[in-house]
Amino acid sequence: MHNVSKPLAACISLAAAAALLYSCSKNMKSSPEEQLLTAEAKSGNALAPGLAKKLDLKNFSVTPPLIKKLAGFENLQVYSMISSDDDFPGYRFAGSADGSGLVKDPASDGYIMLVNNEDNYSVSKLFLDKNLKPLRGEYALNSDGGTWRLCSGSMATPQEHGFGPLYLSAGESNVEAMTHAIDPFAASSPNNAKGLMGLGRWSAENAVPLSKFAYPGKTLVVIGEDASDASGGQLVLYKSDATGDLENGSEYMLRRKDGVQRETDMQVGQAYAVEFVKIENHKALTGSQIQALVDPLRVIKFGRVEDVDYRKGTKEANREIYFNVTGQEPEGYNADRSRTVWGRVYKLVLNPNNPLEGTLTCLLDGDDKNGPAKDFQNPDNIMVTENFAYIQEDSNTYGTETHDAYVYQYNLATGELKKVFELDHRRNAPDAVKYNGATPSAKGSWEYGSLVDISDVVHVPNTFTLCIQPHSWKDNKFAGVDGGSKRASEKQGSQVVIIRDLPR
């Protein structure tokens, strides 16, 4: 369900930034913006010189932030940006906020944000002022145009990807689902589906274009398939030899070079040689026909591939792909535990000369109850910066959950895993019934949507948005707000919060 606007500063070395700051401040007192930039350089989170500025942030929504800061992260600032309880003329924010992307609005000094409303099969288009305060909204897709559950999404931009801006919204929960491509600046046509045949038919969690620096002149999109059937979930690669071409390339699935398909045969910390094997004539195939190729092509059968992201920074870092496999209950197709149960996090390092080859390593295994990920309750979304992977849980509700969904911080250099946030169900608050219903919601029954680093879009370091799906929060006034006919009775609420000072 993922992650968009990323560091433009990857191409600017910290040394160059520090030198520029020093030369500017030798003979004059530095400005607050320069001081902020210097502090960011020292912490390894530098933005491009001259980009740092301030945001006048506050709780713009009537809904309190539905997350709790955990030990060691008490100093983070969290603000409620928008929720389904907020009233706007002719618009209400739908439930199940998941994937999202933010771009500068060329028609104002503010921003445009696209957000998948997953269970509404819709995409919200929000217009924000210069401080990220929502001004108005509309639907870029309603349930008639959205067609499928829309999970995560990624915003491609010229600065980062070499094309766009273009928001990719992934369809899920149907083997024939497609990924929509939405121009954030175009007039909305919510009834019209915008699926791309070039990206194939998958029950997709996200479709993530790689940085233009990873393989110059090419377009690469990594897709995670959230499937738990006989063929399992796949990691998919779309490749074109033309920048911005999402229709005329080829598509591939990931397999081990030794042909082993069982996910749990891979051990934590061991690197396995892998390759992407081509799906011949993929645009002419149905989703079912593509799945029928999994065994003949000896593709890895993962236990539901969820979100995908790549490491920010250098071009070498941009060729590191991280993805979550959320897991399946040990029954049915996973009765033999050939796939993870509680979830795993993987790292795929692509060959610098050939993106169709690389090495795959399992970094974290929730099934190892003596390991660092022993508390995992089904990792779902993932967002990767230069130094950290942020991993968000969406419990499969097996019935043995012990906590509400966490956001974890995984240190890419040291392997240290920390808990940053836990969802706040407000079970003991005066408004508990509003968010839980007549009885307290079960542990782990709420989930996160996308965590997105928006620092380089708003020019404020360490600034993020986070979508929240409080599934037990329901109200009749939320029903059918997208205007489509397919999900007219869907009445969940949801929320987007802004986070400041989270390390990159």
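The values are calculated or read from the model by the stated rules, or taken from the named source; none is laboratory data. Everything quoted here is computed from the prediction, not taken from an experiment. Reconstructed Cβ throughout: ideal geometry from the backbone, glycine too, with neighbour counts over all protein chains shown. Calculation scope for accessible area: heavy atoms of the full protein, side chains included, ligands and nucleic acids excluded. Shrake-Rupley method; radii C 1.70, N 1.55, O 1.52, S 1.80 Å.
Before moving on, here are some points about what is shown:
- In the stretch 470-500, the residues that are under 21 Å from residue 128 (Cα atoms) and not hydrophobic (A, V, I, L, M, F, W, C): 482, 493, 494, 495, 500
Rundown of residues vs (1) among the polar types (S, T, N, Q); (2) open to solvent by 40 Å² or more (accessible area, probe 1.4 Å), yes/no style:
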| site | (1), (2) |
| --- | --- |
| 211 | yes, no |
| 225 | no, no |
| 228 | yes, yes |
| 231 | yes, no |
| 236 | no, no |
| 242 | no, yes |
| 246 | no, no |
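- Any strands (runs of 3 or more DSSP E) falling wholly within the stretch 416-482 and containing at least 3 residues that are over 18 Å from residue 73 (Cβ atoms): 447-453
- Filtered by the rule that a residue be open to solvent by 50 Å² or more (accessible area, probe 1.4 Å) and assigned to a strand (DSSP E or B), the stretch 355-372 gives 357, 359.
- Total residues in the stretch 145-180 satisfying the condition of being out of contact with any Asp or Glu (no Cβ under 9 Å at 6 or more places or on another chain) and acidic (Asp, Glu): the figure is 1.
- Conditions (1) within 17 Å of the chain's Cα centre (by Cα); (2) assigned to a strand (DSSP E or B); number of the one not met by residue 395: (2)
- Candidates 137, 171, 145 - the one that is in contact (Cβ under 8 Å) with a residue 60 or more places away in the chain and not β-branched (Val, Ile, Thr): 145
- Scanning the stretch 285-323 for residues that are touching a Leu at 6+ places or on another chain (Cβ under 9 Å) and among the polar types (S, T, N, Q) turns up just one, 318.
- In the stretch 449-463, the residue that is farthest from residue 101 (Cα to Cα) out of those that are open to solvent by less than 10 Å² (accessible area, probe 1.4 Å) and β-branched (Val, Ile, Thr) is 460.
- Here residue 322 meets the list (1) under 28 Å from residue 250 (Cα atoms); (2) in contact (Cβ under 8 Å) with a residue 24 or more places away in the chain; (3) surrounded by fewer than 19 Cβ atoms within 10 Å (Cβ to Cβ); (4) not charged (D, E, K, R) almost entirely, failing just condition (3).
- Residue list for the stretch 402-411, filter: open to solvent by 30 Å² or more (accessible area, probe 1.4 Å) and either closer than 7 Å to residue 444 by Cα or in a loop (DSSP other than H, G, I, E, B) (or both): 402
- Filter result for residue 103 (of a type in the set (Val, Ile, Thr) and open to solvent by less than 40 Å² (accessible area, probe 1.4 Å)): yes
- Residue match in the stretch 109-120 (condition: farther than 17 Å from residue 150 by Cα and surrounded by fewer than 21 Cβ atoms within 10 Å (Cβ to Cβ)): yes
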